[in-house]
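The values are calculated or read from the model by the stated rules, or taken from the named source; none is laboratory data. As the structure is a computational prediction, the values presented were derived from the model and not from experiment. We place every Cβ from the backbone using ideal geometry, glycine too, and count neighbours over all the protein chains shown.
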Amino acid sequence: MKSFHILTYGCQMNMNDSEMVAGMMERLGYREAETCQAADLVFLNTCSIRENAENRVFGKLGELKGFKRQNPNMKIAVMGCMPQLHKEALHQKVPHINLIFGTQNIHHLPQLVSRLEAGEDFVYEIVDNRRQSGPRQATEVRPEWLDEAPWKRKTEGQAWVRVMYGCDKFCSFCIVPYTRGKEMSRSREEVLAEVEQLDKSRFREVVLLGQNVNGYGRGLYPDYFLGELMLDVARIPGVEKVDFLTSHPRHMDDRLIDCIAREPKITRTIHLALQSGDDEILKAMNRRHSMVEFYEIVGKLRERIPGVRLSTDLIVGFPGETEAQFENTLKAVLDIGFVRCNTASFSARPGTPAADLSGQLSEAEKARRLQVLMQAASRSKTQVLESQFSVAAS
């Protein structure tokens, strides 16, 4: 029996895609190998959000070249965001890759693998998200074969369920709209049917996934959004907890907050990406919210959802960021009190507006600011935990 192995880089969306590929490969008669060396077909599910993520993939591809010398029958497949960004140039740079396919081509995997098995040395299939125009239909992002999608879920106790695809926010630093395509929500019926089919003895927690998950339903329904979807998921027998990732401040509205507040099964740890604590930098990032608006959201969450815990994403060293603007981010972190901060220094991604901005900071300065931010984030978490302990003790 032939074997496969998957290496996954990046976000939960990539992890969810890898679960789908694993299920499909087993349905094709392959078994999952424990290591790359033991596999006939190795998948690298890639991320392009930062240059460092891509460098890790290129390093692994170099290592796999050595494995292929030892086992000439080994095939290498690259999927995910890097193919969407680099397209044919990826194979030119790494000619020992045998299969390249994009974020919207997973449903063609059986045919692509069949071509490899038939003797083709290189197979390539990419949908160019940059050339798409006009509204997209649900069948473009969720073809009929997904009704029986063979996910091989690997997360302990929780099941990831994709509720939407793509992103339309176009933050100036982010490559995701170009690699994942336009925003599109799955129907309520499709999502609930997937949750209904879960083995509740294994998966008592359901995590609803989307690049901007709290934008769910917009463009699909006139009056049904993420809050209502979570309430419906919570009503399904066997579901004990409902979580959601990742949310944008723009759609954290009163309606969603009220739905969270009234259903105890919905998580009390909410991830809300801030990115910067300075209004001018937020504008340059095209984040479409101000710090006043963010503080208002935080105030509503804490007023209506007792015990709510907040986590966030932050970037330091955005082009033109002054020391004073960086200090505003540190102040926001300490003022708000996050239980977790995903921190990163700015990474210029080719094709994004921010990559061409003037005022690019040195790598050394970005590294210094990142270290300071991480220390502030640690203090913020400590303050939150001490405050919660004090409340509990009283």
Any residue that is modelled with pLDDT under 95, hydroxyl-bearing (S, T, Y) and in contact with a helix residue (DSSP H, G or I) (Cβ under 8 Å, 6 or more places away or on another chain) - is there at least one of those in the stretch 25-46? no
Restricted to the stretch 34-91 and to residues being within 27 Å of A354 (Cα to Cα), polar (S, T, N, Q) and without any contact (Cβ under 8 Å) to a residue 60 or more places away in the chain, the residue surrounded by the most Cβ atoms within 10 Å (Cβ to Cβ) is T46
Kindly indicate whether any position in the stretch 320-327 is assigned to a helix (DSSP H, G or I) and in contact with a helix residue (DSSP H, G or I) (Cβ under 7 Å, 6 or more places away or on another chain). yes
Counting only residues in the stretch 167-195 that are assigned to a helix (DSSP H, G or I) and β-branched (V, I, T), the one farthest from the chain's Cα centre (by Cα) is identified as V195
Residue set R287, R304, R262; condition touching a helix residue (DSSP H, G or I) at 6+ places or on another chain (Cβ under 7 Å) and assigned by TED's automatic domain parsing to the domain that holds Q211; output residue R304
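For every residue, the table says whether it meets (1) among the small types (G, A, S); (2) over 26 Å from G307 (Cβ atoms); (3) part of a helix (DSSP H, G or I); (4) not assigned by TED's automatic domain parsing to the domain that holds C81.
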site	(1), (2), (3), (4)
K331	no, no, yes, yes
L334	no, no, yes, yes
F338	no, no, no, yes
C341	no, no, no, yes
A348	yes, yes, no, yes
G351	yes, yes, no, yes
Q360	no, yes, no, yes
A364	yes, yes, yes, yes
Kindly indicate whether K152 is more than 18 Å from H248 (Cβ to Cβ) and either buried (at least 22 other Cβ atoms within 10 Å of the Cβ) or out of contact with any Lys or Arg (no Cβ under 6 Å at 6 or more places or on another chain) (or both).
yes
Taking the criterion of being at pLDDT 95 or above, surrounded by fewer than 19 Cβ atoms within 10 Å (Cβ to Cβ) and either at positive phi or touching a helix residue (DSSP H, G or I) at 6+ places or on another chain (Cβ under 7 Å) (or both), would at least one residue in the stretch 377-389 satisfy it? no
Residue check: is T343 surrounded by 15 or more Cβ atoms within 10 Å (Cβ to Cβ) and modelled with pLDDT of 95 or more? yes
